[in-house]
Each structure stands twice: as C-alpha cells, then as structure tokens.
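K.L.:
Structure provided below as structure tokens; questions to follow.
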Amino acid sequence: MYVSSELQTELDYYRRLHAHFEVSLKEGKKSVETLSDKVLYMLMSASFVMDTYEETFFDSFVITDKELTGKSEMQIDAYAFLETENNNEKHLHLFQYKISETNKGAASPTEVLNFATFANNFFVHPELRGTETLPILEEIDKKVHDFLNKKRGNSIKVKCHYINNVAGIFSGNQANFKPVMGRFEYDKQVWGFEIQVYGKQDILDLIEDGKIRVGVETIEIITDQPQHAYRYEDNAHKKELGLPTKVIIGFCNVNELIRLQDKYHHNQLFAENVRLYLGNRTSVNKDIIRTITTDESNWFPYMNNGISIICDSLKLGSINARKNVLPLELTNLQIINGCQTVNALYDAKYNELTRDNFKSSTLLVKIYQIEPTQQVFKQNVIRATNNQNAVKAYSLYANDSIQVDIQDVLKKLGYLYDRKGEGKAYEGNFITMLNATLAYYTIFIKKGDIVRDSARQSRAFKQEEYDKIFRIETIEDEYIGALHNLSVRLLLSALLLEKIRELNAQRATKYLEKLPIIKKSSYFLITLYYYLHEVFFNKITAKYLQFLQEETSIHKIKNIAVDEEFFRHIENSFDALVQHYQKVYDSIPAEKKMDIDNLLKSKDFSEAFQKTIEGIEPIKDI
C-alpha cells in the first residue's frame, strides 16, 4: 500500500504501543507487532474513527476482508459492535477499506453509495434484504438480535465507515457526495444511521487533533434589533496581554448552528469541547427541546447561556441590509461550550416526535480568534467555559509545569514520558502521559473504578480529579521529594498496566469459560495486583527513589535489573491474581450476570470489587 512518511511514523508508533495485542487472520492469531502496514492501517484508522482503544477495541474489532481472512464478506471488510454510555444502546460499526498502491485517487461516491445501501438494506431496513446471505452477515446479525432480544427497549445505531489511504471528500468531489448523503438523510435523523468517508489526511487529523479539521464556514450575526446588537474587539495591537486576536459577541439564528451540526456529524465541531452530547433524556437537554418546540421559543435567547466558539481566523463581511445580518467567515471553528445546546436543537428539529413543533429562535454566540501562540489562553478559556467531562482533555495539560517536571525526572530513569507524541521519534523506552495517568488514577484514586471507555477515561482529566493526582501542595524544600514519588508511581503504574495487558492478551483464552469478563478487566487487575502486592510495589518504588537521590547516570540505570524484577514478579503473580479476580466474579449472583456486556459498569460489580479490595491483607513477598 502507499504510505507517506508522516503516515509511516504513525503506523510505527501504533505498532510499538500495541505490540502485545493480537488479531485473527486466516493464518491464525497474529500479534500487532508482526502485521503488515495495510492491516495496521485498518486497525489504527478504525480505532481513531470510533474513538475506542486498547482492550475495548481489540476485543470488539473483527476483520472480515476476504484477502486477509479467507471469508466471503461482500461489502464489509471489518466490523465492531460496541457498548455505549447507554446500557440499552449499542453501535454497529461497519467498515469498507479501499487501499491504494499509489498516492493517486480519492473516495468514490459510487462505492460509498453501494456500501451504504447494502448496510442500510440489511441492518436498518431488513425488509429490503435480498435472499442471499453469508456467514459474516449471519454472524453480525446474530449479535445484533441477541442484544435486541435481551431486553425490551434495546436499540442499535449503524455507523458506516469508508476509509482509504489517499484522499477522502474534498472540494473537487464534494458536490458528487451530496446526493449520496442526502439519500440517507431520513434514516440518519430517525434511526441514527451514519455514513463517514475518510482519506489519509482525515485519519492523520484524528490522530493529531482528535478531530477532522473543519474548513471555512460562515455564520450570520443578527443586526436588526437593539437587543441583537453585537460587540466586536480587535486586539491585534494588544499581543503582550495574551488576549484573543479578535472577539465578537452577538446573536445568531439557531438554524445556523443546526446546519453546521448536520454537516459535521462526526463531532468535528466539538473536539475541543469537554464533553459530547449526553442525549435528549437529561433534564437540561429536555428543557432545551421543550422550549424550542413550544410557544416559549421566544424566550430561548434569554433562558440559554449561549455557546462559545474558537477559530483560527475570523473575517467580518459586509452587513446585509436586506437580511439584517453580518456574515462572519470562520476557519477551523470549534464549539468549546455548547455541545449540549447545539445537539439538543438538532434533535428537536429532526426527531420525529418533535420536528413538527420546532420553532426557530436566536442564540447568544461568543467567537474568539486564537493564534497558535495563544495556547495558554485557549486552554484557560476552554477550562473556564466548561466544568464537565473532558474529551481528549489530557492534551490541555501536556504543557503544565508539573508534566514537564515529571518528564525530566523519568528521563533520569531511562524513560521518556510522552506528553504530546514525542515517542513517535524516540527509539528507547517510553510511557505515555495518558496511560500513566489512567493507571495511577485507577489504582490510587478510584481503586479499580472502571475507566475502560473514553467517556470514563476523560474523568481523570476533569480539573478536580486531575488536581488529586498532579497538584503537589507542599513547601518548596519538599517539592522535589514529592515530585520524585509521584513520578516513580506514575512510571510503575504505567509499566504495570502494560505488562498486565500483555499477559491478559497471552493467557485470557484459558480463563474465558469461567471468567468471560477477563479480556476487559486489565484496569481491575492492576488495582488488585497493587493491593495484593503493595509491599513489593513499595519496595520497587523505593529502589527507583534511591536511584534519583543518588543521581545515578542513565547508563548505569539501564544496567540495573529493577524493571526485569518488577516484570518477572507480575508474570509470576498473574495466575494467582486471576484466581482472586475470579472470586469477585463468582460472588455476584447469577441473575446479576445475565448482561455480561454491562456487568463491569454495574453497581453490583463495583461493590463486590471494593469489598474484595477492602478485605485484602497485602502479601509480604519481598
């Protein structure tokens, strides 16, 4: 396949980070470390487009491509059937890949239409299915119906992903895709059926920024009434104050935002927002929908706090006297506060239960043009305008002084602390800030409370939770000691998680029959390991702290077998660790284990695990 130098860097990094995971191909189980660039690209792109990683991804993602598996798959090269925050809803992700050997070509509207039509006919409108069927379709269909029949009210949403390694949708072919997307508009609004098209650059954008870049868009500010007057600031001459280059505050029609949400339905608008849409069942979102669909719609601009937008460039047009609007041209806009409002408005306009009653209204908007050099302001305004869960929010903290200090400390121990992708160009040992934080947070703060999916993982980067880990409140003379202790524990937590994942991938098969949750349990297992072997963990911690006090050179540190001692202990303890975990699972009544998919998120499991933790007497295995 064609691989650009930039893509090759990402593939190599992904291969290193996930070396111990395996996928099923026609040759049998193969480790990620040994996969071709083509298969690796399939895995990496799918993981980022679904925003699903590590065990959850590899346990769910199934490759069905005929060339790779020997299976007859028709239009579907891979699929994943994923849990969501809502226990009654799952998402069926279907993938089609078009891998090119050259850097020429682009996404084909015809291929996308054929793929989407096939998926829509089979899974959204089964009455349109043909008479032919295949084992792969039967396999997926069984999983879908097992879930739907398990509990009244269960539902699925189908997401189609067409991915290539050249160009996706761009200005030259965008018009040809409009009728393709338009054909499924009703099913998108009613059934949540989605079609996404990705080229190489889209995947690289997702990896780098967690979003596909939004191009140039226009929003119209209302100018016709006194209460709709706008305020404009040009701070270009105040650079020394760190203010946004331009700011405009005013009102726009809610349909302006609904139009953007309809166009960018892969959360591109909200990648910098600290939480995604929580659905139309939350009390706040219910109130938004009720207001905009009743006679109270005139009150909407006075009852809603409005939304905040950041962008790379803000250009003011000329006032349109006929329409009484001021057009604004925004480049790479991001809604940093207002995800719930915009999505609730979209829901109100297109949901079959409310669309007939939808009434237009206006909404307060605050727009900031922020230069690349103004990242501190950007981070602070995002934090200030949000106090909810974070989405990829760890990137907001990557430049905190404490993170830089931790990186400096771990460098002395022979490890790169990868805060923002430095590991891609590093050939030595490294841990990522994300994995270290999540492992530490699980063990020492939440004591096993699950952080498997991205929504729960984000809680570790909510300000108050982040401070529990990284805020060191001590006198200056004691700061270095506290920093060293935190740094070493972050390192050991990350290494523990990495080793447990590796062993889980290697040995899970022999436990699955009696312990069906084992593959999804790495975070619980690292917590259980710590509380069983706290004495040994503290012994290893003390050794590293001693090295730091002696300021041993990195060359000498590399020759010390502490890592090997730690890894060997984890490996030798793993089977006994699983036996302890089995007792947690066995303590839960059978009727509570009927829904295995959601068991780890249940109150019953959490209580059983906490009871086990509280009853542990650490093993003195030093």
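The values are calculated or read from the model by the stated rules, or taken from the named source; none is laboratory data. Every value quoted in this text rests on a predicted model; they were computed, and no experiment measured them. Backbone-built Cβ (ideal geometry, glycine too); neighbour counts: all protein chains shown. Heavy atoms of the whole protein, side chains included, go into the accessibility calculation; ligands, DNA and RNA do not. Shrake-Rupley method; radii C 1.70, N 1.55, O 1.52, S 1.80 Å.
K.L.:
Need the failing condition index for CYS339 against (1) modelled with pLDDT of 85 or more; (2) within 29 Å of the chain's Cα centre (by Cα), just the number.
P.N.:
All conditions are met except number (1).
K.L.:
Does ARG231 count as within 30 Å of ALA46 (Cα to Cα), out of contact with any helix residue (DSSP H, G or I) (no Cβ under 7 Å at 6 or more places or on another chain) and not aliphatic (A, V, I, L, M)?
P.N.:
No: the conditions fail for ARG231.
K.L.:
Return only the number of the condition from (1) open to solvent by less than 60 Å² (accessible area, probe 1.4 Å); (2) modelled with pLDDT under 85; (3) within 19 Å of the chain's Cα centre (by Cα) that GLY215 does not satisfy.
P.N.:
Among (1) open to solvent by less than 60 Å² (accessible area, probe 1.4 Å); (2) modelled with pLDDT under 85; (3) within 19 Å of the chain's Cα centre (by Cα), GLY215 violates only (3).
Table: residues versus (1) open to solvent by 70 Å² or more (accessible area, probe 1.4 Å); (2) among the charged types (D, E, K, R); (3) within 17 Å of ASN504 (Cα to Cα); (4) touching a Lys or Arg at 6+ places or on another chain (Cβ under 6 Å).
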| residue | (1), (2), (3), (4) |
| --- | --- |
| LEU577 | no, no, yes, no |
| LYS583 | yes, yes, no, no |
| ILE588 | no, no, no, no |
| GLU614 | yes, yes, no, no |
| PRO618 | no, no, no, no |
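K.L.:
List the residue pairs whose Cβ atoms are under 9 Å apart, where the first residue sits in region 112-130 and is acidic (Asp, Glu), the second is open to solvent by 30 Å² or more (accessible area, probe 1.4 Å) and in a helix (DSSP H, G or I), and the two are 6 or more positions apart or on different chains.
P.N.:
Short answer, once both residue conditions are applied: GLU127/ASN121.
K.L.:
Filter region 476-498 for residues that are closer than 14 Å to SER401 by Cα and free of Cβ contacts under 8 Å to residues at least 12 places away in the same chain and give the result.
P.N.:
Of everything in region 476-498, those that are closer than 14 Å to SER401 by Cα and free of Cβ contacts under 8 Å to residues at least 12 places away in the same chain turn out to be TYR479, ILE480.
K.L.:
Within region 312-350, take every residue that is in contact with a Gly (Cβ under 8 Å, 6 or more places away or on another chain) and either in a strand (DSSP E or B) or open to solvent by 20 Å² or more (accessible area, probe 1.4 Å) (or both) and give me the one that is farthest from GLU220 (Cα to Cα).
P.N.:
Here the residue is THR331.
K.L.:
If we scan region 572-591, do we find a residue that is modelled with pLDDT under 85, of a type in the set (S, T, N, Q) and within 11 Å of ILE517 (Cα to Cα)?
P.N.:
no
K.L.:
Return yes or no: is ILE248 touching a Lys or Arg at 6+ places or on another chain (Cβ under 6 Å) and either modelled with pLDDT of 85 or more or part of a helix (DSSP H, G or I) (or both)?
P.N.:
Spelling it out, it is not the case that ILE248 is touching a Lys or Arg at 6+ places or on another chain (Cβ under 6 Å) and either modelled with pLDDT of 85 or more or part of a helix (DSSP H, G or I) (or both).
K.L.:
Next up: Search region 313-337 for residues that are within 22 Å of ILE212 (Cβ to Cβ) and pair each with any residue that is aromatic (Phe, Trp, Tyr) and surrounded by 16 or more Cβ atoms within 10 Å (Cβ to Cβ) when their beta-carbon atoms are under 7 Å apart and the residues are at least 6 apart or on different chains.
P.N.:
If the second residue must be aromatic (Phe, Trp, Tyr) and surrounded by 16 or more Cβ atoms within 10 Å (Cβ to Cβ), the pairs left are ILE335/PHE270.
K.L.:
Follow-up. (1) part of a helix (DSSP H, G or I); (2) touching a residue at least 24 places away in the same chain (Cβ under 8 Å); (3) farther than 30 Å from ASN435 by Cα: which one isn't true of GLU67, the others all being true?
P.N.:
Among (1) part of a helix (DSSP H, G or I); (2) touching a residue at least 24 places away in the same chain (Cβ under 8 Å); (3) farther than 30 Å from ASN435 by Cα, GLU67 violates only (2).
K.L.:
Turning to a different aspect of this structure: Could you tell me whether GLU85 is under 20 Å from ASN165 (Cβ atoms), in contact (Cβ under 8 Å) with a residue 24 or more places away in the chain and part of a loop (DSSP other than H, G, I, E, B)?
P.N.:
No; evaluated as a whole, the condition is false for this residue.
K.L.:
Here's another thing I want to ask about it. Looking at (1) surrounded by fewer than 19 Cβ atoms within 10 Å (Cβ to Cβ); (2) touching an Asp or Glu at 6+ places or on another chain (Cβ under 7 Å), can you tell me which one PRO135 breaks?
P.N.:
(2)
K.L.:
Taking the residues in region 445-462 that are in a helix (DSSP H, G or I) and crowded, with 16+ Cβ neighbours inside 10 Å as candidates, determine which candidate is modelled with the highest pLDDT.
P.N.:
Ranking the qualifying residues of region 445-462, first place goes to PHE461.
K.L.:
Hey, another quick one. Considering every residue within region 1-20, establish whether at least one is farther than 15 Å from ASN165 by Cβ, hydrophobic (A, V, I, L, M, F, W, C), over 23 Å from the mean Cα position of the chain (by Cα) and open to solvent by less than 30 Å² (accessible area, probe 1.4 Å).
P.N.:
no
K.L.:
On the given criteria, is LYS558 open to solvent by 30 Å² or more (accessible area, probe 1.4 Å) and at pLDDT below 90?
P.N.:
Yes: the conditions hold for LYS558.
K.L.:
Identify all residues within region 88-131 that are part of a helix (DSSP H, G or I), over 18 Å from PRO179 (Cβ atoms) and of a type in the set (A, V, I, L, M); write none if there are none.
P.N.:
Selection gives VAL124, LEU128.
K.L.:
Does LEU364 meet the test of being open to solvent by 30 Å² or more (accessible area, probe 1.4 Å), at pLDDT 90 or above and either among the aliphatic types (A, V, I, L, M) or in contact with a Pro (Cβ under 7 Å, 6 or more places away or on another chain) (or both)?
P.N.:
Judged against the criteria, LEU364 is a match.
K.L.:
Answer with yes or no whether SER283 is farther than 21 Å from ASP356 by Cβ, at pLDDT 90 or above and either buried (at least 19 other Cβ atoms within 10 Å of the Cβ) or not acidic (Asp, Glu) (or both).
P.N.:
It is false that SER283 is farther than 21 Å from ASP356 by Cβ, at pLDDT 90 or above and either buried (at least 19 other Cβ atoms within 10 Å of the Cβ) or not acidic (Asp, Glu) (or both).
K.L.:
If you take the residues of region 188-205 that are among the acidic types (Asp, Glu) and under 18 Å from GLN8 (Cβ atoms), which of them is surrounded by the most Cβ atoms within 10 Å (Cβ to Cβ)?
P.N.:
ASP202
K.L.:
Something else now. Regarding LEU113, is this residue under 27 Å from the mean Cα position of the chain (by Cα), open to solvent by 30 Å² or more (accessible area, probe 1.4 Å) and of a type in the set (A, V, I, L, M)?
P.N.:
No.
K.L.:
Name the residues in region 73-92 that are in contact with a Lys or Arg (Cβ under 6 Å, 6 or more places away or on another chain) and either at pLDDT below 80 or farther than 28 Å from ILE596 by Cα (or both), would you?
P.N.:
GLU73
Residues checked against (1) buried (at least 21 other Cβ atoms within 10 Å of the Cβ); (2) assigned to a helix (DSSP H, G or I); (3) modelled with pLDDT under 90; (4) not aliphatic (A, V, I, L, M):
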site: TYR466; (1), (2), (3), (4): yes, yes, yes, yes
site: GLU473; (1), (2), (3), (4): no, no, yes, yes
site: GLY481; (1), (2), (3), (4): no, yes, no, yes
site: LEU492; (1), (2), (3), (4): yes, yes, no, no
site: LEU495; (1), (2), (3), (4): yes, yes, no, no
site: ARG501; (1), (2), (3), (4): yes, yes, no, yes
site: THR509; (1), (2), (3), (4): no, yes, yes, yes
site: LYS514; (1), (2), (3), (4): no, no, no, yes
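K.L.:
Let me ask something else about it. I need the full set of residues from region 424-441 which are more than 20 Å from GLU55 (Cβ to Cβ) and in a helix (DSSP H, G or I), in order please.
P.N.:
The answer is LYS424, ALA425.
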